Amino acid sequence: MLLRLLGLLLVVWIVVTVVGWVVEGLFWLAVVGALFVLVTGALGVRERIRR
């Protein structure tokens with residue numbers, strides 16, 4: 001259940017990152033999205049290792 005939620009969050013953060021890169025003036029959105037992708041991925045890896 002938690003891994004499914006983390007997967008959904010990864011997809012959302014990737015979309016936010018792409019929108020930030022595409023739309024001029026929203027570079028900060030791309031940076032924040034990339035940061036959230038990394039953090040969510042790390043949480044997913046940690047959860048998978050724990051199981």
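The values are calculated or read from the model by the stated rules, or taken from the named source; none is laboratory data. As the structure is a prediction and not an experimental result, all values here were calculated from the model. Note: ideal-geometry Cβ built from the backbone for every residue, glycine included; neighbour counts use all protein chains shown. Each accessible area value is taken on the protein alone, full model and side chains, heavy atoms only, with ligands, DNA and RNA left out. Shrake-Rupley method; radii C 1.70, N 1.55, O 1.52, S 1.80 Å.
For the chain, the relative contact order is 40 percent, taking Cα pairs closer than 8 Å that sit 6 or more residues apart in sequence and dividing their mean separation by the residue count. Please give the helix 27-50 orientation as an angle from the longest Cα principal axis of the chain, in degrees from 0 to 90, rounded to the nearest 10. Approximately 10 degrees, to the nearest ten. By the compact-protein rule of thumb, 2.2 N^0.38 Å, the alpha-carbon radius of gyration of the chain corresponds to a ratio of 1.25.
By accessible area, using a 1.4 Å probe on protein heavy atoms only, the chain has 78% of its surface on carbon and sulfur. Solvent-accessible area per residue in the chain equals 79 Å², computed with a 1.4 angstrom probe and all protein chains kept. In the chain, the longest principal axis of the Cα atoms and the axis of helix 2-22 are about 10 degrees apart. Sorted on the mean count of surrounding Cβ atoms within 10 Å across their residues, most packed first, peptides 32-44, 14-26 read 32-44, 14-26.
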